[in-house]
Amino acid sequence: MSAQGGTIVEKPLSTPERLYNQAWLRKIFILVVLASIWEIYGRTLDNDLLFPTFTATLAAFFRGVADGTLPLRAWGSVKILLVGYGIGIVLATLLTGLAIASRIGTDFLETMTSMLNPLPAIALLPLALIWFGLGNGSLVFVLVHSVTWAIALNTHSGFLSVSRTLTMVGRNYGLSGAGLIRKILIPAAFPSILTGLKVGWAFAWRTLIAAELVFGVSSGSGGLGWFIFENKNMLDIPNVFAGLLTVILIGLVVENLIFQTIERHTIRRWGMQA
């Protein structure tokens, strides 16, 4: 390649450099290292009641998958999570829309998030049991609380960070109300909205597992939290770790498959992130 009479030679990347540039390979390498440390520590301790090896955990995990126990428990948890997460998103959307539309709405959202966002969702579980009884209603209630405020707070902050110039350009094109929000504010604030969705998901997943540890069996056969609690009582610690591994795997799939796909097709495509 010539430039101003000179020659620029691009050195081809070596195979190790090309492999290192693949994010998925780097993450797999990190997981392999962590699994190796887990296995070495488990073998050194040599006590499955305290800390089973990674291979023992994998064996328990595959047994649970083969007999259908882990998929059934995981689906039971995910179903409830989707209901609570969906309701929380709708409620957060309504609150944020009200905040954008009026000053009293902004004051209401700021006051509610200041009061309720620091309140751990699991702390509301005793009240949920009184109000909704031993069932899915109580789980959904605490999930909605854990999701709503994180998403509303991040979405509102994202809207407030949109430049006035961009808003004025939208108004000059005749946009107002819902049209302005849909075509200008949401795309511009989408990084903050996506962050809120991620935070809300993480809060909801942790809250659900914690709640199921307490009374998950009441909602049918119980979810992953109750599976972990049952096996702890039976001192089947490899199964406890298999349940925890399932929780981790679901979290990895949601983060690296669902959210990263959304991010790749929106934020990165729009040039809002390198």
Point-charge dipole on Cβ atoms (K/R +1, D/E -1) for the chain, about Cα centre, debye to 20:
1000 debye
Among T113, F62, V78, the residue whose Cα sits farthest towards the positive end of the charge dipole of region 53-270, when +1 is placed on the Cβ of each Lys and Arg and -1 on the Cβ of each Asp and Glu, is T113
Region 56-139: Kirkwood hydrodynamic radius (Cα pairs, Å) comes out at 16.0 Å
Spacing of the two label points (7 Å from each Cα toward its C-beta) at R206 and R264, in nm
2.8 nm
Once ligands and nucleic acids are excluded and a 1.4 Å probe is used, how much of M234 is accessible, expressed in Å² to the nearest 10?
130 Å²
For the chain, what is the mean residue ellipticity at 222 nm derived from helices alone (per DSSP H run of n ≥ 4: -39500 (n - 2.57); sum divided by total residues; nearest 500 deg cm²/dmol)?
-23500 deg cm²/dmol
Given DSSP loops and a limit of at most 14 other Cβ atoms within 10 Å, what is the longest stretch of the chain that contains no such chymotrypsin sites (Phe, Trp or Tyr not before Pro)?
1-172
Largest-first ellipsoid semi-axes for region 53-270, taking √(5λ) over the Cα gyration tensor eigenvalues, angstrom
38, 21, 12
Within the chain, which complete DSSP H helices have Cα atoms spanning at least 27 Å along the helix axis and a mean Kyte-Doolittle hydropathy of 0.5 or higher?
23-45, 69-101, 136-161, 186-215
Once normalised by the length of the chain, the mean sequence separation of its alpha carbon contacts under 8 Å that are 6 or more apart gives a contact order in percent of 21 percent
Compactness summary of region 161-245: radius of gyration and Dmax from Cα atoms, Å, are 22.4, 67
Can you grab the distance from the C-alpha centre of region 63-109 to the C-alpha centre of region 113-171, Å, no decimals?
9 Å
Calculate, in nm to one decimal, what D46 and V214 gain on full extension: separation in residues at 0.36 nm each, minus their alpha carbon distance.
57.5 nm
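The values are calculated or read from the model by the stated rules, or taken from the named source; none is laboratory data. Values in this document were obtained by computation on a predicted structure and should not be read as measured data. For neighbour counting, all protein chains shown are included, and Cβ atoms are generated from backbone atoms with ideal geometry for every residue, glycine included. Note: areas computed on protein heavy atoms with side chains; ligands, DNA, RNA excluded. Shrake-Rupley method; radii C 1.70, N 1.55, O 1.52, S 1.80 Å.
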